[in-house]
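This report refers to the structure that appears directly beneath it.
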Amino acid sequence: MTTRTVTDLFSIKTATQSDLEPLVEMGIKLQKYTEKSNPDMWRLTDDGCKNLKNHFSEMIADPRHCVLLAFNGEGNHVGMAIGKIITNADFIPEMRGSIEKIFVEEPYRRYGIGTALVARICEFFASLGIQDISLGYVVGNQQAERFWKGLGFRDRIRSMCISVEKLAKR
């Protein structure tokens, strides 16, 4: 009996300008999922949705970004991930990696695709000498919390929010 690995069932490639439609589609699904996970999450406007194609296009063209797509065995897109290099000379380390987005379609979760996407982003970071990686996820997104903690990520900074109206009532 042969054991099949995730690389036998799925492939990952660097996104190109011809991949904008699936990136936009998954970007919107990710946004809706985060909004469902936390009703206080910022909402994407109609203009924001329309601007996603341009936003993803700029990331693909920017060498500080790593934009990846995962495909199933039939060649259908099933996941995406985006990493970004952030430079700030006022801090040590001066350069760090940031995992900006990761999304895997619901039926394809828990097969190692997310982990494989993160590994490829980490290869991108390592190729540029990046040794520190950060990310953020929406409070209430329990799947994201389990995934990231399972990979060894730990809290370093917490971000808290409130509307001006709610704060004024306090």
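The values are calculated or read from the model by the stated rules, or taken from the named source; none is laboratory data. All figures in this text were calculated on a predicted structure; none of them were measured in a lab. Here Cβ is always computed from backbone atoms with ideal geometry, including for glycine, and neighbour counts include all displayed protein chains. These area figures cover heavy atoms from the full protein model, side chains too; ligands, DNA and RNA do not enter into them. Shrake-Rupley method; radii C 1.70, N 1.55, O 1.52, S 1.80 Å.
Would you confirm whether any residue within the range 149-166 is free of Cβ contacts under 8 Å to residues at least 40 places away in the same chain, hydrophobic (A, V, I, L, M, F, W, C) and part of a helix (DSSP H, G or I)?
Here is the first cut: in the range 149-166, the ones free of Cβ contacts under 8 Å to residues at least 40 places away in the same chain are 149-160, 162-166.
Applying the additional criterion that residues be hydrophobic (A, V, I, L, M, F, W, C) yields 151, 153, 157, 160, 162, 164.
Pick out the ones that are also part of a helix (DSSP H, G or I) and you get 164.
Within the range 149-166, one or more residues are free of Cβ contacts under 8 Å to residues at least 40 places away in the same chain, hydrophobic (A, V, I, L, M, F, W, C) and part of a helix (DSSP H, G or I).
Let's see how each residue does on (1) closer than 25 Å to Leu9 by Cβ; (2) basic (Lys, Arg):
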position	(1), (2)
Leu69	yes, no
Ile85	no, no
Glu100	no, no
Arg109	yes, yes
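If we scan the range 143-152, do we find a residue that is of a type outside the set (Ser, Thr, Tyr), farther than 19 Å from Thr34 by Cα and open to solvent by less than 60 Å² (accessible area, probe 1.4 Å)? Within the range 143-152, one or more residues are of a type outside the set (Ser, Thr, Tyr), farther than 19 Å from Thr34 by Cα and open to solvent by less than 60 Å² (accessible area, probe 1.4 Å). The set of residues from the range 128-137 being of a type outside the set (Phe, Trp, Tyr), under 13 Å from Lys101 (Cα atoms) and part of a loop (DSSP other than H, G, I, E, B) comprises just one member, Gly136. Asp155 falls short on exactly one of the conditions (1) within 23 Å of Thr14 (Cβ to Cβ); (2) open to solvent by 60 Å² or more (accessible area, probe 1.4 Å), and that condition is (1).
How many residues, within the range 88-119, are within 18 Å of Lys149 (Cα to Cα), under 13 Å from the mean Cα position of the chain (by Cα) and not hydrophobic (A, V, I, L, M, F, W, C)? Let's see the steps before the verdict.
Applying the first criterion (within 18 Å of Lys149 (Cα to Cα)) to the range 88-119 yields 97-104, 109-119.
Next, from what is left, pick out any that are under 13 Å from the mean Cα position of the chain (by Cα): 97-104, 113-119.
Next, only the ones that are not hydrophobic (A, V, I, L, M, F, W, C) stay: 97-98, 100-101, 114-115.
Looking only at that region, the number is 6.
Among the residues examined, Gly140 qualifies as open to solvent by less than 70 Å² (accessible area, probe 1.4 Å), touching a residue at least 60 places away in the same chain (Cβ under 8 Å) and in a loop (DSSP other than H, G, I, E, B). Per the listing Ile102, Ile60, the residue uniquely in contact with a Leu (Cβ under 7 Å, 6 or more places away or on another chain) and under 21 Å from Ile121 (Cα atoms) is Ile102. Counting just the residues of the range 11-33 that are under 15 Å from the mean Cα position of the chain (by Cα) and among the hydroxyl-bearing types (Ser, Thr, Tyr), which one comes out surrounded by the most Cβ atoms within 10 Å (Cβ to Cβ)? For the range 11-33, the residue satisfying everything is Tyr33. One residue stands out in the range 35-65 among those that are in contact with a helix residue (DSSP H, G or I) (Cβ under 7 Å, 6 or more places away or on another chain) and part of a helix (DSSP H, G or I): the one that is farthest from Leu117 (Cα to Cα), namely Cys49.
Would you confirm whether any residue within the range 83-93 is assigned to a strand (DSSP E or B) and open to solvent by less than 30 Å² (accessible area, probe 1.4 Å)? Steps first, answer last, please.
Within the range 83-93, the first condition is being assigned to a strand (DSSP E or B), and the residues that meet it are 83-87.
Subset that is open to solvent by less than 30 Å² (accessible area, probe 1.4 Å): 83, 85.
The answer is yes; a qualifying residue exists.
Restrict the check to the range 120-127 and report whether at least one residue is in contact (Cβ under 8 Å) with a residue 24 or more places away in the chain, in a loop (DSSP other than H, G, I, E, B) and on the phi < 0 side of the Ramachandran plot. No, that holds for no residue.
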